[in-house]
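Report on one structure; see the data block that follows.
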Amino acid sequence: MKKMEIKEVSSIKELNSVKKDSILKSQDPKLIRYILENKKIKAICSIEEDSLKDFMHSRNSNLNNIFCEIARKNNIGYAISISNLLNSKNKISLFGKIFQNIKLCKKHKVKIYILNDSNKNQKDLEAFSRFLNIHGEIIK
């Protein structure tokens, strides 16, 4: 498990002051593209919101094919936040959005990380990654 800096970003000015190999959290759809185009970021997490209304035939998870291509080109991964999942009011909807994002990341060969931000046991996180059918690196 590697120790990383996790930073919440709410504007483009904050994005410019980010250290190299950090993990960013953002739920602003317009800001996510700027984050993915920044080459000094290791991963982005918590991009799927509970409050986003889903579309008729797909889920609104703030990740799409274009964002995945940009992330793969810039070597940026997708991180799944455990604390975001545990503290969610609507876990079923959030799981669906995470599954959709994992499917997109596998399709475009984007790295997937599990973010241990709630200090869970290592064995539990490995079992969770097997449940999601991913071979992601666990980051603390």
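So for 86, 24, fewest C-beta neighbours within 10 Å to most, what's the order? Walk me through the numbers on the way to the answer.
Numbers: 86 11, 24 26.
Arranged by neighbour count, lowest to highest, 86, 24 become 86, 24.
If we count every other residue with Cβ under 14 angstrom of residue 99's Cβ, Lys/Arg +1 and Asp/Glu -1, where does the sum land? Intermediate values should be presented prior to the final figure.
Details: positive: 59, 91, 97, 103, 106, 107; negative: 48, 54.
Here the count lands on +4.
Can you work out the Karplus-derived ³J(HN,Hα) for every residue in the range 17-32? Use 6.51 cos²θ - 1.76 cosθ + 1.60 with θ = phi - 60°, whole Hz, and x for glycine or proline.
9, 7, 6, 5, 6, 9, 10, 10, 10, 7, 10, 8, x, 6, 7, 4
Once phi is turned into θ = phi - 60°, what whole-Hz ³J(HN,Hα) does the Karplus curve with 6.51, -1.76 and 1.60 give for every residue of the range 61-78, x standing for Gly and Pro?
Running phi through 6.51 cos²θ - 1.76 cosθ + 1.60 with θ = phi - 60° gives 10, 6, 9, 9, 4, 5, 4, 5, 5, 5, 5, 5, 5, 9, 6, 10, x, 10 Hz.
Given only helices, namely DSSP H runs of n ≥ 4 each adding -39500 (n - 2.57), what is the per-residue ellipticity at 222 nm of the chain, to the nearest 500 deg cm²/dmol? Don't skip to the answer; put the middle values down first.
Values: 6 runs with 56 residues, N = 140.
Here the helix-only value at 222 nm equals -11500 deg cm²/dmol.
In debye, nearest 20, what is the charge dipole magnitude of the range 6-139 about its Cα centre with +1 on Lys and Arg Cβ and -1 on Asp and Glu Cβ, if you could check? Mind showing how you got there, number by number?
Values: 25 positive and 14 negative charges, 78 e Å.
Dipole magnitude for the range 6-139 comes out near 380 debye.
Among the trypsin sites (Lys or Arg not before Pro) within the range 1-94, which fall in a DSSP loop and have no more than 13 other Cβ atoms within 10 Å of their own Cβ? Walk me through the intermediate numbers first.
Details: sites: 2, 3, 7, 13, 19, 20, 25, 30, 33, 39, 40, 42, 53, 59, 72, 73, 89, 91; in loops: 3, 19, 20, 39, 40, 53, 59, 89.
The qualifying sites are 3, 19, 20, 39, 40, 53, 89.
Classify the range 65-140: rounded, prolate or oblate, from the alpha-carbon gyration tensor (a ≥ b ≥ c, eigenvalue square roots; a/c under 1.5 rounded; otherwise prolate if a/b is larger than b/c)? Present the calculation step by step, with values, prior to reporting the outcome.
Values: a/c = 1.90, a/b = 1.42, b/c = 1.34.
Taking the square roots of the gyration eigenvalues as a ≥ b ≥ c, the range 65-140 is prolate.
Amide H neighbours of residue 54 under 5 Å, counting only residues 5+ apart in sequence or on other chains, H built in-plane at 1.01 Å?
Distant-sequence amide H within range of residue 54: 60.
Please rank 135, 57, fewest neighbouring Cβ atoms within 10 Å first, as an exposure proxy.
Details: 135 9, 57 5.
Taking fewest neighbouring Cβ atoms as first place, the list is 57, 135.
Whose amide H sits under 5 Å from the amide H of residue 80, counting only residues 5 or more places off or on another chain, with H placed in the peptide plane?
Here 113, 114, 115 satisfy the definition.
How large is ³J(HN,Hα) for each residue in the range 95-101, as worked out from phi by the Karplus curve 6.51 cos²θ - 1.76 cosθ + 1.60 (θ = phi - 60°), to whole Hz, x for Gly and Pro?
With coefficients 6.51, -1.76 and 1.60, one gets 4, x, 5, 5, 4, 5, 5 Hz.
Which pairs in the list 25/89; 20/53; 13/123; 20/89; 19/106 are over 29 Å apart, alpha-carbon to alpha-carbon?
Working: 25/89 19 Å; 20/53 33 Å; 13/123 38 Å; 20/89 33 Å; 19/106 27 Å.
Those over the limit are 20/53; 13/123; 20/89.
State whether the range 90-130 is rounded, prolate or oblate according to the following rule on the C-alpha gyration tensor (a ≥ b ≥ c being the square roots of its eigenvalues): a/c under 1.5 gives rounded; otherwise a/b larger than b/c gives prolate, and the remaining case gives oblate. Before the final figure, lay out each step's value.
Values: a/c = 2.33, a/b = 1.34, b/c = 1.74.
Oblate.
Can you tally the net charge around residue 109? Count Lys and Arg as +1, Asp and Glu as -1, for every other residue whose Cβ sits under 15 Å from the Cβ of residue 109. Present the calculation step by step, with values, prior to reporting the outcome.
Working: positive: 72, 73, 103, 106, 107, 111; negative: 69, 137.
Every neighbour counted, the sum reads +4.
Looking at (1) 2, 11, 19, 21, 16, 11, 8, 6, 4, 2, 1, 0, 0; (2) 2, 10, 21, 24, 23, 14, 5, 1; (3) 2, 10, 20, 23, 19, 13, 8, 4, 1, 0, which value of P(r) over Cα pairs in 5 Å bins from 0, in percent comes from a calculation on the structure shown?
(2)
Since every read-out is calculated from the coordinates, none of them should be taken as a lab result. These numbers come from a predicted model, not from an experiment. Every residue, glycine as well, gets a Cβ built from its backbone with ideal geometry; the counts of neighbours run over all protein chains shown.
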